[in-house]
Structure formats: structure tokens, C-alpha cells
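Structure first, commentary second.
The values are calculated or read from the model by the stated rules, or taken from the named source; none is laboratory data. All values derive from a computational prediction rather than experimental measurement. FYI the Cβ positions are ideal-geometry reconstructions off the backbone, even for glycines, and counts take in every protein chain you see.
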Amino acid sequence: MHSKAFKDVVHVQALSGTGIAMALVLAQIVANTELHNLFAPLRGGLTLTMGDAALTMPAGQWISSALLTLVFLLAGLECKRGFLDGELAGPDRLRLPALGALGGVTVPAVIHAGLNWADPALAGAWAIPAGTDMALGLGFLALFGDRAPGSMKLLYLTTALFMNIATLVCTAGVQFLHLPTSTLVVAGGCLALLAGMNWARVGAFSLYAVVGGVLWGALVPLGVPAALAALAVAAFVPMYDGERTLLAEIEQDVHRAVGFVVLPVLAFVNAGVALHELPPLVSHWSLGLGLGLFVGKQAGIFGLCWLGTRMGFCALPPGVSWLEMYGVALLGGIGGTMSLSFGGMLGAGAAPLALTRAAVLLGSMASAVVGYLVLRRALSQRRNKALRR
């Protein structure tokens, strides 16, 4: 039996997938009609001043950075609750999704970097095809209703969570090597303060949010890695505050805001492809993104999970067949909101933005369609076997 918290997560994420799909369609309509001027303010520069320091980025990147941070706050809260008091408690439950996440990050990254190795600026954006849209994937699983078992949804959700967090951490790890000492001092001070608040069992989430906001401000010049501030806050928020289940309450509040507002807005801001601005679609850059999502994700997730089970390191969840596992791996290639958001920041200046968005959307659509067809066949076989019994 799955917990009520997990069922709520799946329900909200699946509904959020519908909102994201509508935002993706709306973004294409706006970008290719007279309404395209609505995107103009997103391209304008916006300056953040902190003391003598000033940072200027397009408004769209500021929005993406802030909203991505909220997405990773939710991801961190979900993981922590799952580890301590949920479906992820115990190493046996983590091995399969951890292996799938490892393959789902490394293989797309290798494909993209390999196709773009001649240009370090392009190859360095390997994180774009490593992202996975949890809400859109769960939205496709929701189309099958009760025919898709909870163990399959848990596997997809957990693997996608791990992939997105691993992508963020690896991206940050590369850039942290070049951080100035002043930024490291501020980041270290914020982490020490968060740890002290956790030790003192401070139950006011607003205080954690303030410290996290300072940490985000220090890291925001890095782009995507600024979202590490959210993971830090989630890691240090106490599970309980006296009799209150503090972490679960925060997760519930954040979940609906992220699912119904943040993710659709992120999709709309980052998805518009103006066809008249689109350069030739076939290039090393677009192939790296598209093949990374469609080929790399399924090969990495399915391949490492199969290898792990053959070696006795892990096992498929009860009631999930290998064909269904392959369908889940295909849905992992739906980069959607995450890859589009990463592309808006990591790919800035490296390649035409319209080409980045088009490649991500095409790779995601191919993964979604083929994944849906594979799961439809697999779940039909399951139903036929049940009827024969």
C-alpha cells in the first residue's frame, strides 16, 4: 500500500501535467502570432544590485532561476520525506531508481557532449537533455488510470526526482570550482546558519526561507546551480516541530503552488518557438539534445536497470514487467519544463534559443508518444492475462 502523501503527489503532478501541456501549446500560439510581443519583456535586461555588486540578466532568466528554485525546494522536500518516513525508506527501495537515474543522466550527457565535442561551449551544456519533466510523465501515466500500478508511478517519480537533483548537483559541482572566495564565504555562512537552526529545532519555515533567499542571491550568477539553495533549505527543515509534521505541511503547501502555477509558468516562459526565427533544424547541437532525450534516456535508464537486476543488485518492483519498465524509461525522455528551463540558461549564447527549444520539444514528444504506445501495449497484455485467469 502506498501512503496518502504519495498518492497526493501523484494526483497533483498528473493534474499539473495538463496545465503544462496547455502552457506549451499556448506558448507556440503566442510566439507565432501577433501576440509574440508578449515575450518581448522577457528578453529585456533586468539588474539585481547587492551593495557594490550588480548582475544583469534577461528577465526570462531571472524568472526561470527563481521558479526553478521553488521546483527544487519541492523535490528536496519530497525526497527527504520519502527517505525518512515514506516509500523511499530503506536501501532496497532506492537501488533501482538510483541506477535508472545514473543512466538517465550520464548517457544523454555523453551523447550530447560527444556530438558537440569540437565546441566546448556547446558540449558544456550537457545538462539540458539530462532533465526530466515529472509532471508530464505522470500525466501520461494518469491516462491509463488504475491499469498503471502505483509501483510503476513510484518508480517513474523517484527516478525523475533523482535525475533532476543529480543534474543540478553535477552542474553546480563544475561551476563551484570557479567561485570567488567571497561567494564561498557567504554560502558557507548560510549553510552553517541553516544547520544551527535545524539543531535548535527552529520551527518557523519563514526563517529558513530568508536564509535560503540569501544563499540563492549569492549563487544566482551561476544560473541553474542557484537552485541548490532550495535543496539546502529542504535538507535542514526539521521533519517534526513538536507534534506537528512540519515538513509534510510545508511540502503540501509548496506542492500545489508549484504544480498549478510555477511549472505551467516555467513552461510558457521557456517554450515559445518562433518558426520564422528557427535555423536549419539538423545540426550537432539539435541532434545532441533530441537524441540525448529520446535515445539516451531510454538506453541509460533501461540499460542500467536491466544490468543491475542481472547482477542481483536490485529487482523490478512487484507487478512491473520488463516491457512496462521500458515504457517508463521512454517517458523519462520527456525533458519538458526542466530541459527547456535548463536550455534557457545553460544554452544562452551557445546556440540559437529557438533551435534549443525545438530540439527539446521534438525529443520530448517522440519519447512521450513512443512511451505511451509501449505502455498501452504492455498494460493491455497485463489485462488480457488477468481476463484469461
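Of the candidates Leu228, Leu179, Leu168, the single residue that is surrounded by 15 or more Cβ atoms within 10 Å (Cβ to Cβ), over 24 Å from the mean Cα position of the chain (by Cα) and within 29 Å of Ala121 (Cα to Cα) is Leu179. Would you check if there is a residue in the range 147-164 being touching a helix residue (DSSP H, G or I) at 6+ places or on another chain (Cβ under 6 Å), of a type in the set (Gly, Ala, Ser) and either part of a loop (DSSP other than H, G, I, E, B) or farther than 21 Å from Val224 by Cβ (or both)? Taking every residue of the range 147-164 in turn, at least one turns out to be touching a helix residue (DSSP H, G or I) at 6+ places or on another chain (Cβ under 6 Å), of a type in the set (Gly, Ala, Ser) and either part of a loop (DSSP other than H, G, I, E, B) or farther than 21 Å from Val224 by Cβ (or both). Scan the range 1-47 for residues that are small (Gly, Ala, Ser) and within 19 Å of Val262 (Cβ to Cβ) and jot them down. Hits for the range 1-47 are Ala14, Ser16, Gly17, Gly19, Ala21, Ala23, Ala27.
Report yes if Thr159 is among the hydroxyl-bearing types (Ser, Thr, Tyr), modelled with pLDDT of 90 or more and buried (at least 16 other Cβ atoms within 10 Å of the Cβ), otherwise no. Yes: the conditions hold for Thr159. Within the range 311-325, residues that are within 9 Å of Ala378 (Cβ to Cβ) and free of Cβ contacts under 8 Å to residues at least 60 places away in the same chain sit with their Cβ atoms under 8 Å from residues that are among the charged types (D, E, K, R) and not in a loop (DSSP other than H, G, I, E, B), at 6+ positions apart or across chains, in these pairs: Leu323/Arg377. For Gly223, state whether it is modelled with pLDDT under 95 and under 30 Å from Glu243 (Cβ atoms). Considered against the rule, which asks whether it is modelled with pLDDT under 95 and under 30 Å from Glu243 (Cβ atoms), Gly223 comes out as no. Scanning the range 239-286 for residues that are touching a residue at least 12 places away in the same chain (Cβ under 8 Å), not in a helix (DSSP H, G or I) and not acidic (Asp, Glu) yields Met239, Gly242, Arg244, Gly272, Val273, Ala274, Leu278, Pro279, Leu281, Ser283. Taking the listed residues Ala315, Ala274, Ala354, the one that is surrounded by fewer than 19 Cβ atoms within 10 Å (Cβ to Cβ), within 30 Å of Arg95 (Cβ to Cβ) and of a type outside the set (D, E, K, R) is Ala315, with no other qualifying. Residue by residue through the range 231-257, note down the ones that are polar (S, T, N, Q) and under 23 Å from the mean Cα position of the chain (by Cα). Once the filter is applied, which keeps residues that are polar (S, T, N, Q) and under 23 Å from the mean Cα position of the chain (by Cα), the range 231-257 yields only Gln252.
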